[in-house]
1. Mind checking how much accessible area A and B bury in total, 1.4 Å probe, in Å² rounded to 100?
2. Explain nothing, just compute: Karplus ³J(HN,Hα) = 6.51 cos²θ - 1.76 cosθ + 1.60, θ = phi - 60°, for every residue of region B:221-229 in order, whole Hz, x for Gly and Pro.
3. Show that you can apply the helix-only estimate: for chain B, add -39,500 (n - 2.57) for every DSSP H stretch of four or more residues, divide by all residues, and state [θ] at 222 nm to the nearest 500.
4. Counting other C-beta atoms within 10 Å, and keeping those with at most 14, which DSSP coil trypsin sites (Lys or Arg not before Pro) do you find in region A:88-136?
5. How large a share of the accessible area of the protein assembly as shown, in percent, is made up of carbon and sulfur atoms when the probe is 1.4 Å and the other protein chains stay in place?
6. Does region B:36-120 classify as rounded, prolate or oblate by the C-alpha gyration tensor (a ≥ b ≥ c root eigenvalues; a/c under 1.5 gives rounded; else a/b over b/c gives prolate, otherwise oblate)?
7. Counting only heavy atoms of protein chains, what accessible area per residue, in Å², does the protein assembly as shown have with a probe of 1.4 Å?
8. Can you work out the Karplus-derived ³J(HN,Hα) for every residue in region A:52-57? Use 6.51 cos²θ - 1.76 cosθ + 1.60 with θ = phi - 60°, whole Hz, and x for glycine or proline.
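The values are calculated or read from the model by the stated rules, or taken from the named source; none is laboratory data. Every value quoted in this text rests on a predicted model; they were computed, and no experiment measured them. Please note: Cβ atoms are built from the backbone with ideal geometry, for glycine as well, and neighbour counts cover all protein chains shown. Calculation scope for accessible area: heavy atoms of the full protein, side chains included, ligands and nucleic acids excluded. Shrake-Rupley method; radii C 1.70, N 1.55, O 1.52, S 1.80 Å.
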Number of protein chains: 2
Amino acid sequence: MPAEDIQQLSLHCSDCPIRHRAVCARCESTELDRLEEIKYYRSFEAGQTVIWSGDKMDFVASVVSGIATLTQTLEDGRTQMVGLLLPSDFVGRPGRDSAAYNITATTDIVMCCFRKKPFEELMLRTPHIGQRLLEMTLDELDAAREWMLLLGRKTAREKIASLLAIVARRDAAIQLRVAQGQLAFDLPLTREAMADYLGLTLETVSRQISALKRDGVIELEGKRHVTVPDFDRLLCEAGDDSDGGFLV
Amino acid sequence: MPAEDIQQLSLHCSDCPIRHRAVCARCESTELDRLEEIKYYRSFEAGQTVIWSGDKMDFVASVVSGIATLTQTLEDGRTQMVGLLLPSDFVGRPGRDSAAYNITATTDIVMCCFRKKPFEELMLRTPHIGQRLLEMTLDELDAAREWMLLLGRKTAREKIASLLAIVARRDAAIQLRVAQGQLAFDLPLTREAMADYLGLTLETVSRQISALKRDGVIELEGKRHVTVPDFDRLLCEAGDDSDGGFLV
DNA sequence: CGATAAGTTGACTCATATCAAGCCCAGTGG
DNA sequence: CCACTGGGCTTGATATGAGTCAACTTATCG
């Protein structure tokens with residue numbers, strides 16, 4: 001859905017595409033009305049920085065559409081992605097007034113923003129928001145810990161396979177394109193972004209993708225479009241135990 | 001404080017050593033009474049496993065004293081620590097009935113447990129608990145992300161220095177032993193546990209500690225007692241920007 | 001058409017893992 | 001009291017996976 005459309009269409013929360021997954025998921029209609037009063041939309045183009053780590057941040061937000069990344073850096077420029085923000089994910093932390101990470105749009109994105117102060121007040125009066133935020137935060141913590149295992153202990157090949165498996169899963173869940181065993185999807189990240197996600201260099205990412213292709217684990221069409229002939233094979237390459245995680 | 005003492009002394013929450021930092025931190029005395037009704041203590045000896053990943057877990061808990069670790073493993077035995085549980089930290093997840101990680105006591109520990117079901121019900125009626133838990137979970141998420149940067153992008157030497165800095169900071173905060181610039185503390189982890197924390201092998205941990213000692217960044221007395229003559233030097237070795245984090 | 005960004009591939013280096021030997025020290029039992 | 005044992009740790013020699021540097025290909029866009 002193009003950014004302009006969303007900004008027009010979603011004036012009402014009830015029509016919002018992320019209505020049942022975002023922080024507001026549990027709100028009843030009167031609660032939604034309160035949120036409606038303090039919300040506003042912002043969009044960013046692919047490549048734009050939403051906010052720099054350390055900058056003052058006087059809002060919190062939900063990603064409505066598009067993808068953004070959360071990154072941390074060391075002074076010498078080494079950077080590590082610490083989160084991938086997908087539609088319905090929450091940005092910012094109530095009770096903190098500067099950004100802890102760099103946030104960058106990797107595709108065009110639309111965010112549903114709330115000024116922090118009113119949002120915090122609303123949260124105190126509206127347990128449903130806090131409850132949902134707790135749930136989402138616990139999920140993110142689990143995801144972060146899964147990622148720690150990947151970063152600390154997996155080989156480059158396993159890292160790539162894990163990333164592909166996660167993207168494939170998410171795509172399958174969203175698009176419901178459960179074409180019998182044969183999955184296909186587009187990578188939403190550049191090789192460099194993948195490297196930052198996986199704690200590798202972009203050259204290693206490129207080599208391992210080539211290797212997986214050479215070994216028939218995946219097929220490539222162009223640089224970004226991936227087909228997975230045998231998902232179990234991919235999972236096996238990822239090194240996880242059978243299930244490996246859960247749908248995102 | 002020895003385990004037996006705590007189990008005797010802390011019959012009343014008001015005397016509890018973690019009263020102001022744990023999930024119950026914001027509770028008022030009537031709320032505390034409710035918690036009091038459903039709580040019970042359990043202790044574990046150093047080395048004991050508290051629970052295995054995947055096992056049924058019908059309680060949640062706060063660590064009262066001692067240290068435990070959260071670890072994940074791959075089938076072939078590679079293991080990664082994903083969390084360090086210190087006094088006041090919370091264990092378990094409301095709304096989930098099996099453990100997601102292995103929990104192991106690295107020292108003797110005492111935990112203040114709540115049966116999950118009553119705790120969940122209490123949480124719905126007592127916003128203060130949910131609020132505090134959200135706050136704590138957000139802190140843990142930040143810590144996990146800090147750790148992702150370490151795992152993905154830091155060198156072995158920087159990883160060791162970072163770990164030492166964190167332990168030193170925590171110790172200084174707790175013990176208030178702000179002996180002018182000169183910090184000293186005991187490592188609460190074996191070389192192997194450090195390796196699992198840092199995504200290294202135990203040999204590399206050992207070598208890097210020796211190297212830091214040789215270079216005068218730290219001094220060792222025995223295997224576990226560390227003295228840091230110049231904390232800024234250590235921070236510099238850790239590769240973080242000046243502040244590097246926050247007190248834990 | 002250049003020009004630029006994304007991606008691939010090769011040659012070489014280097015940090016960390018791996019394998020192996022041995023030290024230190026506390027605890028145990030003869 | 002001493003030999004023995006085992007866990008925690010250190011150190012050395014060697015192997016290897018991933019990083020680095022550099023050249024080249026593709027695709028896209030003015």
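1. Details: alone 13520 and 13490 Å², together 22960 Å².
Result for this pair: about 4100 Å² buried.
2. 10, x, 8, 10, 8, 10, 10, 10, x
3. Numbers: 8 runs with 103 residues, N = 248.
Taking each H run of at least 4 residues, the total per residue is -13000 deg cm²/dmol.
4. Taking region A:88-136 and a limit of 14 other Cβ atoms within 10 Å, the loop trypsin sites (Lys or Arg not before Pro) found are A:R96.
5. Numbers: 11490 of 22960 Å².
So the carbon and sulfur contribution to the accessible surface is 50 percent.
6. oblate
7. On the way: 22960 Å² over 496 residues.
Here the residues of the protein assembly as shown average 46 Å² of exposed surface.
8. Whole-Hz 3J(HN,Hα) from phi for region A:52-57: 9, 3, x, 5, 5, 9.
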